Amino acid sequence: VIRVANKCIENIDMLQDATQQEKDDIVGQAYFIRAWAHMTLCNYFGRIPYVDHALSADENSDLFQESTFEIYKKVADDAQKAYEYFMFAGKLRRDNGNLNDTYQNRPNGVAAKALKGRALLYAASALNNRSGDQQIWIEAAKANSEALDIALQNNYALLDFSVWKTNWLGAKYTNEQLWAWNLSTASISNGPYVN
């Protein structure tokens with residue numbers, strides 16, 4: 001998925017029958033997915049290479065493994081780039097409040113800002129910020145504040161506790177979900193989560 005994202009970023013100008021807005025949306029998705037994939041790999045494995053270009057067949061694949069701190073910082077940078085492309089594309093919120101929209105599984109600008117904030121929190125943690133640099137915490141706090149402000153400006157909101165379970169049961173999407181996949185609209189008539 002990282003290679004596909006990199007090929008997309010590198011070759012977007014080969015797309016001939018798309019508007020600039022559509023191209024910006026695709027590039028935004030590519031930066032987001034590249035960031036998300038690296039963050040997921042880093043969460044599982046720790047130090048990994050941050051692959052920011054499509055590797056060629058004759059390129060040395062024994063790449064330098066970055067520190068987890070650097071990985072999370074690069075994730076934040078890619079998430080910021082994704083946000084900017086989504087902003088140009090008019091995709092800060094993909095569904096525009098229509099929770100039946102079929103494109104909720106595609107990332108958007110609000111999700112990109114949230115990913116940036118999360119990555120910076122991981123970078124600032126004692127596990128990754130070995131020097132204890134407080135400036136990283138300030139940067140993370142600012143990024144998360146921006147993410148929350150942008151989410152609220154785009155009418156995202158937490159659900160009332162009485163209907164909170166619809167985030168995973170009985171509804172396709174909710175107004176609390178920034179980026180989501182829908183597997184089905186399952187419902188249950190008994191069990192621990194009914195009332």
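With every protein chain kept in place and ligands, DNA and RNA left out, what is the accessible area per residue of the range 129-169? Probe 1.4 Å, answer in Å².
Per residue, the range 129-169 has 72 Å² of solvent-accessible surface.
Using unit Cβ charges (K, R positive; D, E negative) and no other charged atoms, how large, in debye to the nearest 20, is the dipole of the chain about its Cα centre? The partial results should precede the final answer.
Details: 19 positive and 23 negative charges, 119 e Å.
That gives a dipole near 580 debye.
Compared with the dominant Cα axis of the chain, that is its longest principal axis, helix 109-124 is turned about 60°.
In the full protein context, the range 1-99 carries 56 Å² of accessible surface per residue, based on a 1.4 Å probe and ignoring ligands, DNA and RNA. Please check: in the Gaussian network model of the chain (C-alpha springs, under 10 Å), which one of D101, D17, D149 has the largest mean-square fluctuation. Per the Cα network of the chain with a 10 Å cutoff, D17 tops the list.
Helix 68-89 and the longest principal axis of the C-alpha atoms of the chain enclose an angle of approximately 60°. Among the listed options (1) 97; (2) 157; (3) 139, the one matching volume of the Cα convex hull per residue in Å³ as calculated from these coordinates is (2). Between the helical axis of 2-11 and the longest alpha-carbon principal axis of the chain there is an angle of about 70 degrees.
With contacts taken as Cα pairs under 8 Å and at least 6 residues apart, the chain reaches a relative contact order of 19 percent. The heavy atoms of L159 offer some 40 square angstrom of accessible surface to a 1.4 angstrom probe. Shown for the chain: the carbon plus sulfur share of the solvent-accessible area, taken with all protein chains present and a 1.4 angstrom probe, equals 54%. A straight line joining the Cα centroids of the range 100-119 and the range 2-52 runs 14 Å. Computed per residue of the chain from DSSP H runs no shorter than four, each worth -39500 (n - 2.57), the mean residue ellipticity at 222 nm is -16500 deg cm²/dmol. Binning the alpha carbon pair distances of the range 45-122 at 5 angstrom intervals from zero yields the distribution 3, 15, 18, 17, 16, 13, 10, 6, 2, 0, expressed in whole percent.
Efficiency by 1/(1 + (r/R0)^6): what FRET value for N96 and V163, r their Cβ-Cβ distance, R0 = 22 Å, to the nearest 0.05? Working from the Cβ atoms, E equals 0.55. On the beta carbon distance between K7 and R130, with R0 = 41 Å, the FRET formula returns roughly 0.75.
The values are calculated or read from the model by the stated rules, or taken from the named source; none is laboratory data. Just so you know, these numbers come straight off a predicted model, no measurement behind them. Cβ: placed from backbone, ideal geometry, glycine included. Neighbour counts: every protein chain shown. For the accessible areas, the whole protein counts, side chains as well, though only heavy atoms, and no ligand, DNA or RNA atoms are used. Shrake-Rupley method; radii C 1.70, N 1.55, O 1.52, S 1.80 Å.
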